[in-house]
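In what follows, a structure is listed as structure tokens, so that the remarks can point back to it.
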Amino acid sequence: MKTGFYPRLAFDGIRKNARLYIPYLLTCAGMAALYYIIVYLQYNAAVAALPGSNVVLGTVALGEKVIAVFSGIFLFYTNSFLIRRRKKEFGLYNILGMGKGHIGIILFWETLIVALFSLSVGLCAGIAFSKLAELGMVNLLMGTVSYRLSLPPQAVLKTLAVFSVIFGLLLLNALCQIRFLGALSLLHSETVGEKPPRGNLLLGLLGLALLAAAYYTAVTLEDPVAALVYFFGAVILVILGTYLTMISGSVVFCRFLQRRKRFYYQPAHFVPVSSMVYRMKRNGAGLASICILSTMVLVMISSTASLYFGMNDAMKRRYPREMNITCILQDPEDLSDENIRSLQSRISAAAQSCGIEPKEAYAVRSVYFSGHLNRDLVETDISMQSFFANADSQMYQLYFVPLADYNASMGTDHALADNEAYLSLGSSQRFDYPYDTLSIQHGNTFQVRGVLQDFMEDGGASAVILPGLNVIVPNLEQAVSGLEDLAYFGGNRLITPRWICSFDTGADPEIQAALSGRLGELFGDPALREQYGLTSFSCENREANRADFLTMYGGFFYLGIMLSLVFVAAAVLIMYYKQISEGYEDQLRFGIMQKVGMTDREIRRSVNSQILTVFFLPLLFSACHLAFAFPILSRLLLLFNIDNTRLFLTVTAVCFCVFAAFYTFTYRVTSNAYYHIVRGGAD
């Protein structure tokens, strides 16, 4: 054969199937461009110069791995549509005398052409838009903009390596499919119907049970730690449940429509329903994939957007005042009134020397430790294994707080007798305690006077992953008696005495930083630390930590945008190929119906009936998934100090409305493509 025969044959195959290949080529190029951009940001000097760049770079590195893995999975999925469509052509080649090896050579050249086009266009687009992506991230994180263009070779080499591996695996998969099918099987691959899966009802019930278990988990979990532990398990249940429900549900739904004879034997419904029966399993799998991708987009963009726009609320919860001082002491006796007054006077003197008059100040003593609340008993003998085994709503960080400090901070006049206590979960969270007593293992038993729903702001407690249970007692030393001997139980300190002092300054960030430095030097003196029994001292100011919050929350938001673009592109392409492949399969049926009297208007009505019957089902399922995921996502946001449910609800609603509008637009475009294909078969 002449040189260039196989490359020309491969190119002609792509050209003649342009309706299928153009979206595929553009998607491959888009994936390569997005991957290049995300790798480019890892090696960018402007991003590396951002405050807290380690967090940003770690987030971007995670995004690189996700995009690489998802690109491989998604391109395998979409490539299967192309191979299915081309099998008839390859079967014809085989009948005309071309061996499987020659067909393999054609596939090799087709894959090479696709790879060269995708990587060249993708890299050019990635390089062209990389600066825009950099400027977007730097502006989002409020960094210093640089207009110097760079081209890191690492990003180019990584992109070439990753996508070369993906295209190599795609070629291997295509060769395996062709290798094990005969010529007749290849010719008739498009016309082979699907048999309903056995045990269909059982699979459907199993899918519903999995969804019910996931929904129940999402709705009933109250503790953020439990939400973190069980979230990914619930996600797996939702994915499996969605696929089983939609695959089996499509069979049940089609059978139901066929039994309704008045509905089924109508020009607008007969062809659509019979077509859905013909490909019921594949139809359900495609709808489930669209549903899962849509849900991923909605969950990711709504949660990361809520993090970014709720950043100021999170900062105020973590740092209630402009200056937040935490002193960790050696023993509970070091929290005596005399010792604390002396500490407070030194801090006040340091503030005055910087020209600062503390405002809105409050100070609270506490002794805290971790425990598992089992009914009315706090178990303190906790190993790491039992910690994770009990990582549910009963695991707490307990804080013993003197009543005098609570009354002073909250402006109340509560009273307690000896061995009495109030309980509070803090942060104005609702908390119900049905027992009359609270017993501490190795410690005392308290009569519970009631639950206080309001508590003073505690930035340190909000930084701990466990929820804080505050036990307000009349006498702190008496309350923790018996626990001192367990201060180093199991080699770890069990109880930790702590004094926090927070106040506003009204001063510029530079003066606040100067005060932080002065206090750090003052309490860094070993003699002074020994005098007060200090084991550690920290002075945090809100403005100094703003950059850390911005880089972390902004980094998550940026990554959410990038990954959402990838998942949206995947969902759109699946919708498109679903319509295109089904259009070619239904072309003959509509042609027959046209010959027996079906008009263009009836074809349009039939097309709309079929598409509307199933096309918006993934959107409805996504809305249902998102609604049930809302409680568990709210709990997860608490781990990031986002306690603004109204903000999260508003952002989620806006994201869903925008996505629904985009989904409807995609429906219009893909339905027109389907109509033109089946209309072409009717001529």
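The values are calculated or read from the model by the stated rules, or taken from the named source; none is laboratory data. If you're wondering where the values come from, they're calculated on a predicted model, not measured in any experiment. No Cβ is skipped: glycine too gets one built from the backbone with ideal geometry, and neighbour counts run over all protein chains shown.
Within the group 343, 298, which residue is closer than 30 Å to residue 495 by Cα and either at pLDDT below 85 or in a helix (DSSP H, G or I) (or both)?
343
Looking at segment 133-161, I want the residues that are exposed (fewer than 13 other Cβ atoms within 10 Å of the Cβ) and have a partner that is modelled with pLDDT under 75 and among the hydrophobic types (A, V, I, L, M, F, W, C) with Cβ atoms under 6 Å, at least 6 apart or on another chain. Which pairs are those?
145/138
If you check residue 307 against the conditions, is it among the hydrophobic types (A, V, I, L, M, F, W, C), part of a helix (DSSP H, G or I) and touching a Gly at 6+ places or on another chain (Cβ under 9 Å)?
It is true that residue 307 is among the hydrophobic types (A, V, I, L, M, F, W, C), part of a helix (DSSP H, G or I) and touching a Gly at 6+ places or on another chain (Cβ under 9 Å).
Is there a residue in segment 652-673 that is surrounded by 20 or more Cβ atoms within 10 Å (Cβ to Cβ), touching an Asp or Glu at 6+ places or on another chain (Cβ under 7 Å) and of a type in the set (Val, Ile, Thr)?
No.
Residues checked against (1) at pLDDT 70 or above; (2) exposed (fewer than 14 other Cβ atoms within 10 Å of the Cβ); (3) over 30 Å from residue 636 (Cα atoms):
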| position | (1), (2), (3) |
| --- | --- |
| 194 | no, yes, yes |
| 204 | yes, no, yes |
| 241 | yes, no, no |
| 271 | no, no, yes |
| 275 | no, no, yes |
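Hey, could you check segment 63-86 for residues that are surrounded by fewer than 19 Cβ atoms within 10 Å (Cβ to Cβ) and among the basic types (Lys, Arg) and say which is modelled with the lowest pLDDT?
If we take residues in segment 63-86 being surrounded by fewer than 19 Cβ atoms within 10 Å (Cβ to Cβ) and among the basic types (Lys, Arg), then 84 is modelled with the lowest pLDDT.
What's the number of the condition residue 404 fails, among (1) of a type outside the set (Val, Ile, Thr); (2) farther than 25 Å from residue 333 by Cβ; (3) modelled with pLDDT of 85 or more?
(2)
Return only the number of the condition from (1) closer than 30 Å to residue 416 by Cβ; (2) of a type outside the set (Phe, Trp, Tyr); (3) at pLDDT 85 or above that residue 493 does not satisfy.
Result: residue 493 passes all but (3).
Please indicate, with yes or no, whether at least one residue in segment 471-484 is farther than 30 Å from residue 294 by Cα, under 41 Å from the mean Cα position of the chain (by Cα) and surrounded by fewer than 19 Cβ atoms within 10 Å (Cβ to Cβ).
So far as segment 471-484 goes, no, none of its residues is farther than 30 Å from residue 294 by Cα, under 41 Å from the mean Cα position of the chain (by Cα) and surrounded by fewer than 19 Cβ atoms within 10 Å (Cβ to Cβ).
Applying the selection to segment 37-51, what residues are under 14 Å from residue 62 (Cα atoms) and either crowded, with 22+ Cβ neighbours inside 10 Å or of a type in the set (D, E, K, R) (or both)?
Of everything in segment 37-51, those that are under 14 Å from residue 62 (Cα atoms) and either crowded, with 22+ Cβ neighbours inside 10 Å or of a type in the set (D, E, K, R) (or both) turn out to be 37, 38, 39, 40, 41.
Restricting to segment 505-561, what's the tally of residues that are in a helix (DSSP H, G or I) and under 25 Å from residue 47 (Cα atoms)?
Within segment 505-561, residues that are in a helix (DSSP H, G or I) and under 25 Å from residue 47 (Cα atoms) number 22.
Which one of 541, 545 is polar (S, T, N, Q) and buried (at least 21 other Cβ atoms within 10 Å of the Cβ)?
541
From (1) out of contact with any Gly (no Cβ under 9 Å at 6 or more places or on another chain); (2) farther than 30 Å from residue 324 by Cα, pick out the condition that doesn't hold for residue 575.
Failed condition: (1).
Checking residue 60 against (1) surrounded by 20 or more Cβ atoms within 10 Å (Cβ to Cβ); (2) within 22 Å of residue 124 (Cα to Cα); (3) at pLDDT 80 or above, which test does it fail?
(3)
Can you report the number of residues in segment 312-323 which are closer than 18 Å to residue 648 by Cα and buried (at least 20 other Cβ atoms within 10 Å of the Cβ)?
Total satisfying the criteria: 3.
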